[in-house]
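Below is one structure, written out as structure tokens; comments come after it.
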Amino acid sequence: MKETQKAKILVVGTGVLGGDVLDFLAQSGQPYEIVIGARDPQKTELRVNLARYTALNLGHSPTIRIVALDLQNVAATAEEISRLGPNIIFNATTLHSWWVITQLPQVAFQALDRARGGVWTPMHTVLIRKLMQAVRLSGTNSVVVNASYPDVVNAALAAEGLAPTVGIGNIANAVPGLRLAAADMLGVHPRLIDVRFFAHHYLSYRMPSTGSTDGAPYHLTVICDGEIVPEEEVDHETLFKLVAGKFRRIKGLAGQSVTASSATAMLRALADGDDKVVHAPGPLGLVGGYPVHVSPNGIRIALPDGLTLHEAVAINRNCQRFDGIESVGADGTVHFTPETSGILREEMGYDHSCMPLADCEEIAGELASKFVSYAKKFGHGQMSAA
């Protein structure tokens with residue numbers, strides 16, 4: 001988008017993440033036209049008014065409106081998207097938010113958490129797949145930004161020609177900690193530090209908590225005032241321990257603003273026509289996370305000297321196994337590692353070693369049902385999977 005144009009941003013889903021992103025956009029001071037797509041417009045009006053209140057307190061009066069949108073109805077969604085003609089669509093929907101299992105008693109959470117994040121791929125795939133089908137049917141050229149496990153889902157959907165343009169969060173959430181820790185080690189202001197970080201969801205989630213990669217592969221280039229810093233000057237082991245130590249942050253739902261701010265950074269770069277590097281998962285249908293160069297001409301992977309795109313993708317393919325994903329096939333089938341499949345078979349009686357795209361909705365329904373039954377065993381009978 002050129003700066004003289006008014007970007008129209010369609011936000012689909014105003015739960016925890018979508019609501020926070022709405023707030024950031026409303027408080028940006030930019031002349032965006034923000035459209036909220038919701039199944040229940042009347043209920044959503046309450047959340048939108050909260051965004052209006054907080055923005056007005058800060059001196060902003062954003063343009064926000066709500067349209068009825070049910071992703072389960074692909075044809076109607078396509079018609080609405082065609083009518084709206086949004087420049088950017090932000091998907092903040094899923095059938096199973098990442099934080100749901102954290103609400104279980106600790107023993108149950110820890111048992112399921114051993115399977116890592118990849119096992120919930122079917123739940124994250126269904127709605128964004130329907131949204132992408134609607135976007136293609138609408139005939140619009142909207143840029144689609146996906147928040148629903150883009151490290152894997154975007155790559156799977158690429159097999160059907162339905163890959164969202166880019167994702168948000170995950171690798172981007174680890175970058176501020178890396179910059180702060182590197183600045184501390186080099187004795188400079190964080191604004192002088194930039195990084196080029198390549199890693200899958202698993203590492204970007206675990207490293208800031210444990211201070212270790214746990215053996216997962218990655219690539220990291222640290223840049224200070226435009227110059228690449230030799231690794232011996234910023235030892236990675238020390239750097240990661242600083243991220244998880246001195247620069248450790250609040251995690252969980254209370255720390256959701258980091259994901260929301262990383263999403264907003266991507267949305268604003270796209271909407272404002274910026275020429276900058278923003279980290280993101282799932283760009284251009286690739287597995288894992290990358291630094292992405294955003295410009296008015298589109299997006300591309302920001303590769304540092306000495307690293308090829310083939311090598312960057314290989315790092316992420318190897319790293320995804322730590323998240324429970326064996327591979328994403330050329331046909332879009334997501335194959336889970338035997339360890340991941342075994343844990344859910346043992347804990348919940350859910351027995352799937354892979355997820356063919358065509359079966360994602362059926363498999364997600366079974367997974368949701370098994371999870372609800374599992375939660376009831378631990379006294380959480382009112383818990384749903386969404």
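The values are calculated or read from the model by the stated rules, or taken from the named source; none is laboratory data. Quantities reported herein were computed from a predicted structural model and do not represent experimental measurements. Quick reminder, even Gly has a Cβ in these numbers, built from the backbone with ideal geometry, and neighbours come from all protein chains shown.
Taking the options Val153, Val126, Val135, Val144, name whichever one is among the β-branched types (Val, Ile, Thr) and part of a strand (DSSP E or B). I'd like the intermediate steps shown before the answer.
On the way: Val153 fails: part of a strand (DSSP E or B); Val126 fails: part of a strand (DSSP E or B); Val135 fails: part of a strand (DSSP E or B).
When all the criteria are applied, what remains is Val144.
For the stretch 43-66, does any single residue satisfy the condition of being surrounded by 14 or more Cβ atoms within 10 Å (Cβ to Cβ), touching a Pro at 6+ places or on another chain (Cβ under 8 Å) and at pLDDT below 95?
The answer is no, given that none of the residues of the stretch 43-66 is surrounded by 14 or more Cβ atoms within 10 Å (Cβ to Cβ), touching a Pro at 6+ places or on another chain (Cβ under 8 Å) and at pLDDT below 95.
Regarding the stretch 366-379, can at least one residue be identified that is modelled with pLDDT of 95 or more, out of contact with any Pro (no Cβ under 7 Å at 6 or more places or on another chain), not in a helix (DSSP H, G or I) and not charged (D, E, K, R)?
Scanning the stretch 366-379 turns up no residue that is modelled with pLDDT of 95 or more, out of contact with any Pro (no Cβ under 7 Å at 6 or more places or on another chain), not in a helix (DSSP H, G or I) and not charged (D, E, K, R).
Looking at the stretch 334-349, is at least one residue of a type in the set (A, V, I, L, M) and under 21 Å from Ile171 (Cβ atoms)?
Checked the stretch 334-349: at least one residue is of a type in the set (A, V, I, L, M) and under 21 Å from Ile171 (Cβ atoms).
When you scan the stretch 110-121, do you find a residue that is assigned to a helix (DSSP H, G or I), farther than 25 Å from Cys360 by Cα and out of contact with any Asp or Glu (no Cβ under 9 Å at 6 or more places or on another chain), even just one? Let's see the steps before the verdict.
Kept after step one, since they are assigned to a helix (DSSP H, G or I), are these residues of the stretch 110-121: 110-113, 117-121.
Adding the requirement that they be farther than 25 Å from Cys360 by Cα leaves 110.
In the following step, the residues that additionally are out of contact with any Asp or Glu (no Cβ under 9 Å at 6 or more places or on another chain) were identified as 110.
Yes, the conditions are met somewhere in the stretch 110-121.
Of everything in the stretch 267-287, what is under 13 Å from Ile171 (Cβ atoms) and out of contact with any Phe, Trp or Tyr (no Cβ under 9 Å at 6 or more places or on another chain)? Give them in sequence order.
Val277, Val278, Leu286, Val287
Determine which single condition Asp272 fails, assuming it passes every other condition in (1) modelled with pLDDT of 95 or more; (2) in contact with a helix residue (DSSP H, G or I) (Cβ under 7 Å, 6 or more places away or on another chain).
Going through (1) modelled with pLDDT of 95 or more; (2) in contact with a helix residue (DSSP H, G or I) (Cβ under 7 Å, 6 or more places away or on another chain) one by one, Asp272 breaks only (2).
Every residue in the stretch 128-158 that is under 14 Å from the mean Cα position of the chain (by Cα) and either among the hydrophobic types (A, V, I, L, M, F, W, C) or under 15 Å from Ala358 (Cβ atoms) (or both), please.
Selection gives Ile128, Val144, Val145, Ala147, Val152, Val153, Ala155.
Just need a number here: residues in the stretch 289-329 that are outside any strand (DSSP E or B), surrounded by fewer than 20 Cβ atoms within 10 Å (Cβ to Cβ), touching a Gly at 6+ places or on another chain (Cβ under 9 Å) and of a type outside the set (Lys, Arg).
Residues meeting the conditions: 2.
Out of (1) surrounded by fewer than 19 Cβ atoms within 10 Å (Cβ to Cβ); (2) small (Gly, Ala, Ser); (3) in contact with a Leu (Cβ under 7 Å, 6 or more places away or on another chain), the odd one out for Gly37 is which?
(1)
Return yes or no: is Glu237 within 19 Å of Gly306 (Cβ to Cβ), out of contact with any Asp or Glu (no Cβ under 8 Å at 6 or more places or on another chain) and part of a helix (DSSP H, G or I)? Write out each step before concluding.
Numbers: within 19 Å of Gly306 (Cβ to Cβ): no; out of contact with any Asp or Glu (no Cβ under 8 Å at 6 or more places or on another chain): yes; part of a helix (DSSP H, G or I): yes.
For Glu237, the condition - within 19 Å of Gly306 (Cβ to Cβ), out of contact with any Asp or Glu (no Cβ under 8 Å at 6 or more places or on another chain) and part of a helix (DSSP H, G or I) - is not met.
Restricting to the stretch 157-199, what's the tally of residues that are more than 20 Å from Cys319 (Cα to Cα), β-branched (Val, Ile, Thr) and surrounded by 22 or more Cβ atoms within 10 Å (Cβ to Cβ)?
2
If you check every pair at least six apart or on different chains, which have Cβ atoms under 7 Å apart with a residue in the stretch 177-205 that is closer than 16 Å to Val258 by Cβ and free of Cβ contacts under 8 Å to residues at least 24 places away in the same chain first and a residue that is surrounded by fewer than 24 Cβ atoms within 10 Å (Cβ to Cβ) and among the basic types (Lys, Arg) second?
From the stretch 177-205, the pairs are Pro190/Arg179.
Give me a count of the residues in the stretch 245-274 that are in a helix (DSSP H, G or I), surrounded by 15 or more Cβ atoms within 10 Å (Cβ to Cβ) and free of Cβ contacts under 8 Å to residues at least 60 places away in the same chain.
1
With the condition kept exactly as written, say whether any residue in the stretch 357-376 is among the small types (Gly, Ala, Ser) and over 19 Å from Ser97 (Cα atoms).
yes
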